[in-house]
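Written below as structure tokens is the structure these notes are about.
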Amino acid sequence: MNTSIDLIQHNVNLQNHNTLRLSSIAQAYAKIDTFESLSHALQFAAAEKIALLPIGDGSNIILPATVETLVLDVQLRGIQVIKQDQNHIWVEVAAGESWHQWVLHSIQQDWYGLENLALIPGRVGAAPIQNIGAYGCEVKSSIDSVNFIALDKINDLNSLDIKQSIQTLTAADCQFAYRESIFKQALANKTLITSVVFQLNKSFTPMIDYPSLANRLDQTGTESDLSAAEVANAVIAIRSEKLPDPKVLANAGSFFKNIEIDQTQFSEFISQNPDAPYYESLNNLKDTANNKRYKIPSAWLIERCGLKAKRSGDIGIHQHQALVIVNYAEDKTPTTAVELIDFASQIIATVKEQFGFTLQIEPQVIPSQS
Ligand SMILES: Cc1cc2nc3c(=O)[nH]c(=O)nc-3n(C[C@H](O)[C@H](O)[C@H](O)COP(=O)(O)OP(=O)(O)OC[C@H]3O[C@@H](n4cnc5c(N)ncnc54)[C@H](O)[C@@H]3O)c2cc1C
């Protein structure tokens, strides 16, 4: 049995726990692979009055040089069918499962809805946090509910059976939006997600409107005879060509969110930049005049500013993907979050000056307490 003595490690180097490979030391760290270890870790935090930071694979996180919290490395595992009807199946997936392996597993089982989200790095527990999305789909469309422990109430938790303290939010209550959810807003830093319940389809309808996916699939077959595996394979092929593998070149995927604007801003922008790419927002948000909202790819704005392949020391914009900031540092001279944020601030300032838009950083920036 784990006790807090062998569970909690001190002064742990997190460089291998974040895909940007930033230099970061955690005051305390615990691998959470059972509810028992979770219970022990929470009791330790309550006794020591230390804050908590749940993490997954660290593919969407910017860690400061010193993390003055107990880092909870959520590795809970398990995939369980909850119920089904003629058209749908509900499956509970533990937070520590690999996102991509879960997508592949769902396709193998003939459960559909996640194909376009193949190969997104990270674990299942982080997927609702920023409502992961790619190739015209967002995970919110397949989420039934999210189970979590309230980290701001750890003194009130049932330490004998921590599962009794699990709370549930339905998808409607999660306030999902573009790269947003309640877990980044009202509940920011207040939850540890233990599992996600997905509602998947038993029949397959390809979602291939996204231009690069549609182009790729035109080469391999017609829409009517496409299988879920073929769509996922096309997504995997495009992603592998387009995005740097963090195991080879450290990065956190898209570093900036795309710009989302209303009709008035869009009309002004497009009249000044008639060649700019754009697409209608997925969120179907309407402004008061009932106009649509539009997304402008931030990669295009960055390229237009002449910043593609810009480099400062070990930090740079990826040569082929302007939205991705990469870290070239060797492990002997590791990069810190300060250098990274300085570099990003220069990009933000240049885009603001040229276009008037303020780019938002997509990964979660963990503040330094020191
Ligand atoms: C090459 C690359 C490509 C990417 N492509 C995409 C993409 O196409 N679309 C997309 O949406 N994202 C993309 N991302 C971002 C990233 O993969 C996702 O955001 C992913 O969901 C992060 O998972 P993670 O386990 O690594 O989370 P982490 O980075 O470890 O954590 C992210 C945030 O979630 C919190 N968190 C993690 N686990 C839990 C938990 N169990 N309970 C409570 N809070 C938790 C952390 O505190 C942190 O704030 C990409 C990243 C990379 C490196």
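No lab work stands behind these numbers, since they all come straight from the coordinates. Predicted, not measured: the structure shown is a model, and the values here were computed from it. Glycine gets a Cβ as well: all are built from the backbone with ideal geometry, and neighbour counts include every protein chain shown.
Which order, highest average first, do 115-126, 240-251 follow once you tally other Cβ atoms within 10 Å for each residue and take the mean per peptide? It would help to have the intermediate numbers written out before the result.
Values: 115-126: 24.3, 240-251: 15.0.
Descending mean neighbour count gives 115-126, 240-251.
Each 5 Å bin from zero holds the following percent of Cα-Cα pairs in region 146-253: 2, 9, 14, 12, 12, 15, 15, 10, 7, 4, 2, 0.
Sequence gap at least 6, Cα distance under 8 Å: using those rules, report the relative contact order of the chain to the nearest whole percent. Spell out each step's value before the answer.
Working: 732 pairs, mean separation 63.6, N = 370.
Relative contact order of the chain: 17 percent.
Helix by helix through the chain, keep the DSSP H runs that span 18 Å or more along the axis on Cα and average at least -1.0 on Kyte-Doolittle, and give those back in order. Helices meeting the criterion: 35-48, 228-242, 337-355. Panel note: the C-alpha atoms of region 250-365, placed on their principal axes, show extents of 55, 26, 21 Å (largest first).
With θ taken as phi - 60° and the Karplus curve 6.51 cos²θ - 1.76 cosθ + 1.60 applied, the whole-hertz 3J(HN,Hα) list for region 194-208 is 9, 7, 10, 9, 9, 10, 10, 8, 8, 10, 9, 10, x, 10, 10 Hz, x standing for glycine and proline. With N the number of residues in the chain, Rg(Cα) / (2.2 N^0.38 Å) evaluates to 1.02. In summary, the convex hull built on the alpha carbon positions of region 79-201 has an orientation-averaged projected area of 7.6 nm². Taking a ≥ b ≥ c as the square roots of the eigenvalues of the Cα gyration tensor, an a/c ratio of 1.5 or more together with a/b no larger than b/c marks region 1-135 as oblate.
Show me the three semi-axes of the equivalent ellipsoid for region 48-113, from the C-alpha gyration tensor (sqrt of 5 times each eigenvalue), largest first, rounded to whole Å.
33, 14, 8
In a reduced charge model with +1 at each Lys and Arg Cβ and -1 at each Asp and Glu Cβ, the chain shows a dipole moment near 420 debye about its Cα centre.
Here the Karplus curve 6.51 cos²θ - 1.76 cosθ + 1.60, taken at θ = phi - 60°, turns the phi angles of region 325-336 into couplings of 9, 10, 10, 8, 4, 6, 5, 5, 10, x, 7, 10 Hz, with x standing for Gly and Pro. When the Cα positions of Ser240, Ile366, His100 are compared along the charge dipole of the chain, Ile366 comes out farthest toward the positive end, with charges on each C-beta of Lys, Arg, Asp and Glu.
Within the same chain, lysines fewer than 8 places from Lys292 are excluded, and of the rest, those with a Cα less than 27 Å from its Cα are Lys140, Lys184, Lys257, Lys352. Amide H contacts of Asp144 (H built 1.01 Å from N, in plane; Pro and chain starts excluded): Val197, Phe198, Gln199 sit under 5 Å, all sequence-distant by 5 or more or on other chains. Taking max minus min of the alpha-carbon positions on each principal axis, region 309-364 gives extents of 39, 23, 18 Å, largest first.
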